[in-house]
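The block underneath contains the structure these notes are about, expressed in structure tokens.
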Amino acid sequence: MTQLALVIDLNVCVGCQACVTSCKSWNTSGSAGYLADERPYDENPTGTFFNRVQTFEVGEFPTTETIHFPKSCLHCEEPPCVPVCPTGASYKRKSDGIVLVDYDKCIGCGYCAWACPYGVRELDEKRQEMTKCTLCADRIDNPALPIADRQPACVMACPTSARLFGDIHDPDSTVSVAIRERGGYALMPEWGTKPSNHYLPRRRTEPNLREDQIMRVDNPIRIDERLPKSSIPSPSLDDTVSW
Amino acid sequence: MNPAASVIFLTTLIGAGQGLFLALYVVELASRLQLIRIENSVALFVSGSLIALLLSGLGLIASFFHLGHPERAWRAAAMWRTSWLSREVIVLPIFMALLIVYGYAHFAQWDMSLAVGAVTAVVCVALFICTGMIYACIRFLQEWASPLTLMNYFLLGCASGCSLATAVAAFVEPDLTRTFAAAAILLTASALAVRSASLVRNKRLKPKSSLQTALGIHHPRIVQKSQGFMGGSFNTREFFHGKTPHILRSVKWFFLVFTFILPLLLLLLVLGRSTVSAALFCTIFVIQYAGLLAERWFFFAQANHPQNLYYKTIS
Amino acid sequence: MSESSPESNILSENIAGLEIKTTTCYMCACRCGIRVHLRDGNIRYIDGNPEHPLNKGVICAKGASGIMKQQSPARLTVPLLRRAGSDRGKSEFDEISWEQAYSLLETRLAGIRATDPKKFALFTGRDQMQALTGLFAKQFGTPNYAAHGGFCSVNMAAGMIYTIGGSFWEFGGPDLDHAKLFVMIGTAEDHHSNPLKIAISKFKRNGARFISINPVRTGYSAVADEWIPIKPGTDGALLLALINEIIEKGLYDREFLARYSNAGQLVNQQDGDDDFGMFAMDPESDPINPDYPHNKFWWDRLSDKIVPTHTPGADPCLRGEFALADGTVVKPAFQLLIDRVKQYTPEWASEITGIPAETIYRLAHEMGVTARDHKIQLPISWTDSWGKEHTSVTGNPVAFHAMRGLAAHSNGFQTVRALAILMSLLGTIDRPGGFRHKAPFPRAIPPIAKPPRGPQDVKPNSVLEGMPLGFPADPNDLAVDADGKPVRIDKAFSWEHPLSVHGLMHNVITNAWRGDPYKIDTLLIFMANMAWNSSMNTGEVRKMLNDRSEDGEFKIPFLVVCDAFQSEMTAFADLILPDTTYLERHDVMSILDRPISEFDGPVDAVRIPVVAPLGECRPFQEVIIELGGRLKLPAFVHPDGSRKFKNYPDFVVNYETAPGSGIGFLAGWRGKDGDKSICGEPNPKQWEMYAKNNCFFHHELPASYQYMRNWNKGYMDWSKSVRMRRDADPILIHIYSEVLQKFRLAAQGKRPGKQPPDHLRKRIETHFDPLPFYFEPLEGQASDTTKFPLNAVTQRPMAMYHSWDSQNAWLRQIHTHNYLYVNPLVAQAQGIADGDWMWVESVWGKVRCMCRFSEAVEPGTVWTWNAIGKAAGAWNLGPNANESRKGFLLNHLLSEELPPDEGGHVYSNSDPVTGQAGWYDVKVRIYKAGPEEPKETSPQFSLVAPLPGTKTLRRVWQAYVAGRDVPPKKY
Ligand SMILES: Nc1nc2c(c(=O)[nH]1)N[C@H]1C(S)=C(S)[C@@H](COP(=O)(O)OP(=O)(O)OC[C@H]3O[C@@H](n4cnc5c(=O)[nH]c(N)nc54)[C@H](O)[C@@H]3O)O[C@H]1N2
Ligand SMILES: Nc1nc2c(c(=O)[nH]1)N[C@H]1C(S)=C(S)[C@@H](COP(=O)(O)OP(=O)(O)OC[C@H]3O[C@@H](n4cnc5c(=O)[nH]c(N)nc54)[C@H](O)[C@@H]3O)O[C@H]1N2
Ligand code: SF4
Ligand code: SF4
Ligand code: SF4
Ligand code: SF4
Ligand code: SF4
Ligand SMILES: [Mo]
């Protein structure tokens, strides 16, 4: 069985927000329906986005780490948001495991959002329908798009390719390999939601330096410090002393 | 969570309606068993059912205000196999329909009323379970995920319904007021016990999720700097009440006093008196209902959703 | 669970019906290739163009929000004229026609040109069409032209171009494909946006090591393996200590230095000699190129004799002291460097920078050992400028990148020199894994273009002699009159800032207002928000813009602003010219300007309109072509005075730098049939060919021309053949800068020719040091640091471009106001809690803002995002928009001028060599705002009304759906 997902590499994500606005741009004009912005040019502008990038500071100066943390629906394998939906608008697609909302059925009760521990569903204030990341269901298997473009908008946008996309049930997929080899983990494992999206942790390359590497036999100092015989033509002992 | 008026009214109104019905039905049972005598049975049961129906109807109307698309509300019956909300959506109208039948049975003085009442009672209890389970089933809302939530919804509904029954009785069946009042005391006291238990439990709760598990970063000191937007979002509006801890505490004391302490004192006072005006019974119900609104507000406000870990700071 | 209908719901759009047009993004100066997807002619989606060499299909937050730029209510749509009698800044305008605007300009400018062309000044902001605007200024005959460079990062450009013949950003960059160690200094988070992000991520995935040196850890630094916090303005000390330790331990690439730099060339050290500090010259031998003479000496360590530089078989001594035949004492330049840096120990630098000495030692060792022991050999044979054949290209894989953290300090020029020298010591110039040039760089040191040399070069009705901007090689190249007074309004190329190769835009308004050095008549500002974020001392500048002399005339008589939006600046204009957006116009990223070249060869690019201009908007390019024709500027008219070019696209195709030169704005598809590159006659089909090729032209050099280009014979001969260079001379690295020494000698009165005024002699003598040295930034020296102990700096956020994205409905949700980030210990010492309202104050001004604690900032520094705060009503935002109520602008704390010196002379707050604005030199203190104070930023400016022609309807909400006015009912 296929389970599509994003794997987000915190080791390279610089927090640029490209995935945020690309997602908005793709989806607001697409089949996910418009994503409204309230007070777009006034106080406290707010709108519907499927994906947000947050920033956290870990540790204290001077050993602080700054972590940029993108988050969208994790397309859980055991999605608590689905069974609670009274209308069946929220559903998990059997073919590829994407968790979707059928807007035409949604009554806008908000209950599914309560049932998601990750805070990734957003009720569009104007449409009054629940929205969330569709994993770009309208791109990834859309025969109208060239094959290279059949990827989520955010994945194509990401300048650091911090967003990997694929089937986590296929052990040979890039996402599975990344999870396996680079310590991919899930968020809030304590709830048993089995998020499909995973995160790859920061890795640090430490300096690798030994004392004995610094001075080497072919050190240029050996050339440069051997001063030439005649420097300034000042008298030498030979010129002034006779034995 | 950010308490929504619609849901507060929905749950308190139908709870009181359900409680009222159950009180009536228990009385009917008791009278059938010759434990008590009812003079104006038609007036009592018909008016009682009507009031319960009215409350449930108001609750239902309130619930529509919670929906983005009320016109599609009918769809909500679809997922009864998995969704407690869906079940509630199915059970509530059935309950209301049964209330009509029950009231009519009394109006028409059918013999069947007891049987109708029995079915209604089962549905009524089911409705309590559905409502309670809507909250109790969300396991990561730890304040809610407990049998105490179910018991609370049940007992608070019964207590307020019983207080209301007292008031109804004061108009149409004054002899029963004491019986109802005694029951109301009992129910209110048990509700107080259970609600206190849940307060104590919630106070001791250790959140299972932390910023560490939310981010998968294991360091004792993690602080959010930015949540990716500054003017708010659904996630900040829906899940944060934005009130100070002080207000929260005040609301808690308000509901403890209004839902429990005052009604209990007044009801005890009533029991000791020989004659009591109907107005006082009404007042008791109103006080308790006001307390209940606060209790429900607090119930939502106190629930700390793990998603909130992601929405602490803007910059 | 229901499975059937939802599928149709999600896939209801027929994507195949979309039309895709490619063009070049301009949501920032990075210029990525984009695909604009249109539905029924309306923009549905914008993504990166996978075919494009710069961004390879990726896009950034700004680029992906381009749609909202088109939707912006702040768009200007009609030419506007200030209502007679109204004050500037009040935004009282009347609509006029383009014909009115043109004739107004024509009359005014023709008058100026016929009398005194320098009274017309043209300054442009963060634009990318300096080839055209510069040409217009030159043709008009005014020296008063510059773009943003002077306040942006000219220190980085000049410091490196005067040292290695190239620089970072558009000029060159780190080769992270090959590097093993990457050291990023003073770069925030979106510099060279997408390309650098792509490169950093690949680099990190290769497991290589990334170190960031910055007072703040965000953005790129966030993913660094090591963050080294540093006190602002002190990098010079760090770099000099690194140089010292690298020399001390012998970790420099001797072979590289000896052959490819002037390290081995002999410098006159004869006390009292007029040529002290100049290279010893061999009068006997051929200078080969008189402008860049070759006839210098080495002391050959093998034969122990003095020999002409680069004598085959010889190897220069890098140390020692020698005597010429006539007894003149000389030393190799490298010896002078050693003598200089001896004093700069890691312990000394540690005190200044706040970086532990052990860290500095370790850094030096890490750089040196990585460069030496992890060498890369590419099997590419090439021939050097002296004819020696090499069978491979060697790389020392230590790469650097630095930007405004170094540049935007008044000591930045020497700091950047130190960096370039460090990079050279490590042998990393134009080599794999190190720094790589991008065409048309490297250039000669200094490049050939020269500014006008005096008032005689500015004549009525004449083309300007020299270029408005150029690279002085010695004092005689300065644009000063006989008394040493500046020719330019911004005093660029004067003794105050001799190497101000990008001008000093930050002083134009102040100087023009004061009439120092003279009064001007018309100031045309294109694409710069000088009434807000690109001025230092914003509050005062706004007053100057509206100031009148006794006779009631404005001190700056006529102010023209060309902008696409209602910025803070437009309110002060007399005439507003509404520009198009990048999706509505033809544009050229020209090889004559700063193209988007790659390491492997020249790349230039174009924009081709994808949608029609809004309202009456016209591209500024068309305005220039039109005015050029009306004013009969030679380049724009036929000899008979008739107009030469139909429009801008026509100009781009047919313009040649000189008749028949074959060099034009675009390098691709030249020649009648489009079969020539770089150089060739005009091709009428050039635009079509660019359009067919994703709007860019990429000329990939053969591998043997891709490296060591300063000294690569093949590359040099090729670039000469396509006229990218005038000569094929090698470009030796200037470890020791004789150019600087010439200015110093002039200041010491030892050189004939132009002499500095006496009050500037000391300043020139000090700062024109031929070897890098460290001094505390000028403003710091003049500040009471016990009273103002902290440094305040800004950073650009990735999702905002300067001031111009607050009108973007999506981007402003990400940054709608800003906080001052303060280390908690520092804030708490002042009783300031996280989120509190507080004051930040410098000698120049104070700003009320909100505090945000951060552990990712060095305790001596406070910082905020640049240009998020806005003036009320600007950008057509609502009066309560967060930008003006909570957001703040740090520029209110800055000054464009330093306090007067002992002699009462006032200088620009800039680097004394280059005139680079010292944005990050300001010293501040912080304290808590009183409980009674309004919870609102201060200063506040009176609300400006929306301009005529902008969308007045303030929508409570909006939703964008391409091609549909109203949001659809069905999705
Ligand atoms: N405190 C502080 N101040 C700084 C800096 C800092 O680091 N700290 N950085 C400085 C630096 S490096 C720079 S480069 C400057 C940048 O300063 P500016 O060059 O002034 O940049 P912007 O503020 O973006 O203003 C550019 C103007 O161009 C307009 N514009 C946008 N698109 C178009 C277009 O297509 N056509 C036309 N005609 N106009 C357009 C915008 O509306 C805006 O009014 O800021 C400087 N100011
Ligand atoms: N998104 C976005 N991208 C942009 C721009 C934009 O406005 N928005 N502007 C473009 C322009 S015009 C420019 S000039 C570039 C500028 O790009 P950067 O040079 O990266 O510019 P700044 O944002 O000014 O950041 C300066 C950095 O230097 C650090 N710093 C300050 N003082 C010192 C110091 O003394 N030493 C060291 N080591 N570090 C110091 C600051 O903490 C900050 O990280 O960005 C370009 N890219
Ligand atoms: S686009 Fe990539 S790098 Fe940028 S915030 Fe998103 S995941 Fe991170
Ligand atoms: S992340 Fe939330 S919305 Fe997405 S599937 Fe999991 S529970 Fe549902
Ligand atoms: S908001 Fe919509 S999707 Fe969510 S539970 Fe309610 S009906 Fe289902
Ligand atoms: S997969 Fe598509 S819908 Fe989901 S966050 Fe990425 S762009 Fe948005
Ligand atoms: S970096 Fe972003 S805004 Fe700048 S040109 Fe590239 S895509 Fe456009
Ligand atoms: Mo800049």
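The values are calculated or read from the model by the stated rules, or taken from the named source; none is laboratory data. Predicted, not measured: the structure shown is a model, and the values here were computed from it. Cβ: placed from backbone, ideal geometry, glycine included. Neighbour counts: every protein chain shown.
Of the candidates B:Ile247, B:Ile217, the single residue that is surrounded by fewer than 17 Cβ atoms within 10 Å (Cβ to Cβ) and hydrophobic (A, V, I, L, M, F, W, C) is B:Ile247.
The requirement of being assigned to a loop (DSSP other than H, G, I, E, B) and facing chain B (nearest Cβ under 9 Å) is fulfilled somewhere in the stretch A:128-146, by at least one residue.
A Cβ distance below 8 Å, combined with a sequence gap of six or more or placement on separate chains, defines the contacts here; from the stretch B:127-140, residues that are over 12 Å from B:Val91 (Cβ atoms) reach no residue that is at pLDDT below 95 and small (Gly, Ala, Ser). Exactly one residue among A:Ser72, A:Ser90, A:Ser95 is surrounded by fewer than 21 Cβ atoms within 10 Å (Cβ to Cβ) and either more than 16 Å from ligand 1 (Cβ to nearest atom) or more than 24 Å from B:Ala136 (Cβ to Cβ) (or both), and that residue is A:Ser95.
Filtering the stretch C:57-93 to residues that are assigned to a loop (DSSP other than H, G, I, E, B), away from ligand 3 (no atom under 16 Å from the Cβ) and crowded, with 23+ Cβ neighbours inside 10 Å leaves C:Ser72, C:Ala74, C:Leu76, C:Pro79, C:Ser91.
So which of C:Asp315, C:Asp339, C:Asp384, C:Asp300 is within 24 Å of C:Leu426 (Cα to Cα) and either touching a strand residue (DSSP E or B) at 6+ places or on another chain (Cβ under 6 Å) or in the same structural domain as C:Asp474 (by the TED database) (or both)? Full working, then the answer.
Details: C:Asp315 fails: either touching a strand residue (DSSP E or B) at 6+ places or on another chain (Cβ under 6 Å) or in the same structural domain as C:Asp474 (by the TED database) (or both); C:Asp339 fails: either touching a strand residue (DSSP E or B) at 6+ places or on another chain (Cβ under 6 Å) or in the same structural domain as C:Asp474 (by the TED database) (or both); C:Asp384 fails: either touching a strand residue (DSSP E or B) at 6+ places or on another chain (Cβ under 6 Å) or in the same structural domain as C:Asp474 (by the TED database) (or both).
Step by step, each of C:Asp315, C:Asp339, C:Asp384, C:Asp300 is checked, and only C:Asp300 is within 24 Å of C:Leu426 (Cα to Cα) and either touching a strand residue (DSSP E or B) at 6+ places or on another chain (Cβ under 6 Å) or in the same structural domain as C:Asp474 (by the TED database) (or both).
Residues that are more than 16 Å from ligand 7 (Cβ to nearest atom), over 23 Å from B:Ala73 (Cβ atoms) and touching a residue at least 12 places away in the same chain (Cβ under 8 Å) number at least 3 in the following strands (runs of 3 or more DSSP E) confined to the stretch A:20-108: A:51-58, A:65-72. Going by what's in this entry, would C:Thr861 be described as within 16 Å of ligand 1 (Cβ to nearest atom) and at pLDDT 95 or above? Yes: the conditions hold for C:Thr861. Residues in the stretch A:186-204 that are free of Cβ contacts under 8 Å to residues at least 40 places away in the same chain and touching a helix residue (DSSP H, G or I) at 6+ places or on another chain (Cβ under 8 Å): A:Pro189, A:Glu190. Of note, C:Val623 satisfies the criterion of being out of contact with any helix residue (DSSP H, G or I) (no Cβ under 6 Å at 6 or more places or on another chain) and not in a loop (DSSP other than H, G, I, E, B).
Residue by residue, here is whether (1) of a type in the set (Gly, Ala, Ser); (2) within 16 Å of ligand 1 (Cβ to nearest atom); (3) modelled with pLDDT under 95; (4) surrounded by fewer than 24 Cβ atoms within 10 Å (Cβ to Cβ) holds:
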{"position": "C:Lys787", "(1), (2), (3), (4)": "no, no, no, yes"}
{"position": "C:Val793", "(1), (2), (3), (4)": "no, yes, no, no"}
{"position": "C:Arg796", "(1), (2), (3), (4)": "no, yes, no, yes"}
{"position": "C:Met800", "(1), (2), (3), (4)": "no, yes, no, no"}
{"position": "C:Asn808", "(1), (2), (3), (4)": "no, yes, no, no"}
{"position": "C:Asn818", "(1), (2), (3), (4)": "no, yes, no, no"}
{"position": "C:Gln828", "(1), (2), (3), (4)": "no, no, no, yes"}
{"position": "C:Gly831", "(1), (2), (3), (4)": "yes, no, no, yes"}
{"position": "C:Asp834", "(1), (2), (3), (4)": "no, no, no, yes"}
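Look at (1) over 21 Å from C:Gly930 (Cβ atoms); (2) touching a strand residue (DSSP E or B) at 6+ places or on another chain (Cβ under 8 Å); (3) of a type in the set (Val, Ile, Thr) and you find that C:Ile814 fails only one, number (2).
Of the residues C:Ser854, C:Ser910, which single one is more than 11 Å from chain A (Cβ to nearest Cβ), surrounded by 14 or more Cβ atoms within 10 Å (Cβ to Cβ) and of a type in the set (Gly, Ala, Ser)? Give the steps one after another, and end with the answer.
On the way: C:Ser854 fails: more than 11 Å from chain A (Cβ to nearest Cβ).
Unique residue meeting the criteria: C:Ser910.
With the structure loaded, tell me whether A:Gly183 is under 16 Å from A:Val84 (Cα atoms) and within 13 Å of chain B (Cβ to nearest Cβ) or whether it fails that test. Write out each step before concluding.
Numbers: under 16 Å from A:Val84 (Cα atoms): no; within 13 Å of chain B (Cβ to nearest Cβ): yes.
So A:Gly183 does not fit the description; no.
Quick check on C:Gly17: is it without any contact (Cβ under 8 Å) to a residue 60 or more places away in the chain, farther than 17 Å from A:Ala148 by Cα, surrounded by fewer than 24 Cβ atoms within 10 Å (Cβ to Cβ) and away from ligand 7 (no atom under 14 Å from the Cβ)? Against the criterion (without any contact (Cβ under 8 Å) to a residue 60 or more places away in the chain, farther than 17 Å from A:Ala148 by Cα, surrounded by fewer than 24 Cβ atoms within 10 Å (Cβ to Cβ) and away from ligand 7 (no atom under 14 Å from the Cβ)), C:Gly17 qualifies. Residues considered: C:Gly629, C:Gly641, C:Gly615. Of these, the only one that is over 30 Å from C:Glu170 (Cα atoms), within 16 Å of ligand 1 (Cβ to nearest atom) and away from chain A (no Cβ under 14 Å) is C:Gly615. If the condition is being more than 21 Å from C:Gly427 (Cα to Cα) and buried (at least 24 other Cβ atoms within 10 Å of the Cβ), then the stretch C:163-186 contributes only C:Gly186. In the stretch C:128-137, how many residues are out of contact with any helix residue (DSSP H, G or I) (no Cβ under 7 Å at 6 or more places or on another chain) and within 16 Å of ligand 7 (Cβ to nearest atom)? Counting residues in the stretch C:128-137 that are out of contact with any helix residue (DSSP H, G or I) (no Cβ under 7 Å at 6 or more places or on another chain) and within 16 Å of ligand 7 (Cβ to nearest atom) gives 1.
Return the only residue of B:Leu35, B:Leu44 being more than 16 Å from ligand 3 (Cβ to nearest atom), part of a helix (DSSP H, G or I) and aliphatic (A, V, I, L, M). Don't jump to the end; show me each part of the working.
Working: B:Leu35 fails: part of a helix (DSSP H, G or I).
On inspection, the qualifying residue turns out to be B:Leu44.
Here the condition is being away from chain A (no Cβ under 14 Å), within 31 Å of the chain's Cα centre (by Cα) and crowded, with 23+ Cβ neighbours inside 10 Å; of C:Leu54, C:Leu109, it holds for C:Leu109 alone. If you filter the stretch C:201-226 down to residues that are in a helix (DSSP H, G or I) and in contact with a His (Cβ under 9 Å, 6 or more places away or on another chain), you find that the one that is farthest from ligand 8 (Cβ to nearest atom) is C:Ala222.
Confirm whether C:Gly680 is crowded, with 17+ Cβ neighbours inside 10 Å, under 18 Å from C:Pro595 (Cβ atoms), among the small types (Gly, Ala, Ser) and without any contact (Cβ under 8 Å) to a residue 40 or more places away in the chain. Lay out the reasoning, then the answer.
Values: crowded, with 17+ Cβ neighbours inside 10 Å: yes; under 18 Å from C:Pro595 (Cβ atoms): yes; among the small types (Gly, Ala, Ser): yes; without any contact (Cβ under 8 Å) to a residue 40 or more places away in the chain: yes.
When the stated conditions are applied, C:Gly680 passes them.
So which of B:Leu199, B:Leu192, B:Leu265, B:Leu186 is farther than 30 Å from C:Tyr819 by Cα and out of contact with any helix residue (DSSP H, G or I) (no Cβ under 9 Å at 6 or more places or on another chain)? Break it down into steps so the answer makes sense when it comes.
Working: B:Leu199 fails: out of contact with any helix residue (DSSP H, G or I) (no Cβ under 9 Å at 6 or more places or on another chain); B:Leu192 fails: out of contact with any helix residue (DSSP H, G or I) (no Cβ under 9 Å at 6 or more places or on another chain); B:Leu186 fails: out of contact with any helix residue (DSSP H, G or I) (no Cβ under 9 Å at 6 or more places or on another chain).
Only one candidate qualifies: B:Leu265.
Residues of the stretch C:578-597 that are out of contact with any helix residue (DSSP H, G or I) (no Cβ under 9 Å at 6 or more places or on another chain) and either within 9 Å of ligand 1 (Cβ to nearest atom) or not in a loop (DSSP other than H, G, I, E, B) (or both): C:Pro578, C:Met589.
For the stretch C:407-422, the criterion of being farther than 18 Å from C:Ala364 by Cα, touching a strand residue (DSSP E or B) at 6+ places or on another chain (Cβ under 9 Å), within 16 Å of ligand 8 (Cβ to nearest atom) and part of a loop (DSSP other than H, G, I, E, B) is met by at least one residue.
Per-residue answers, yes or no, for (1) away from chain A (no Cβ under 14 Å); (2) among the hydroxyl-bearing types (Ser, Thr, Tyr); (3) more than 16 Å from ligand 1 (Cβ to nearest atom); (4) closer than 30 Å to C:Pro447 by Cβ:
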| site | (1), (2), (3), (4) |
| --- | --- |
| C:Asp490 | yes, no, no, yes |
| C:Gly503 | yes, no, no, yes |
| C:Ala512 | yes, no, yes, yes |
| C:Arg542 | yes, no, no, no |
| C:Phe554 | yes, no, yes, no |
| C:Val560 | yes, no, no, no |
| C:Ile576 | yes, no, no, no |
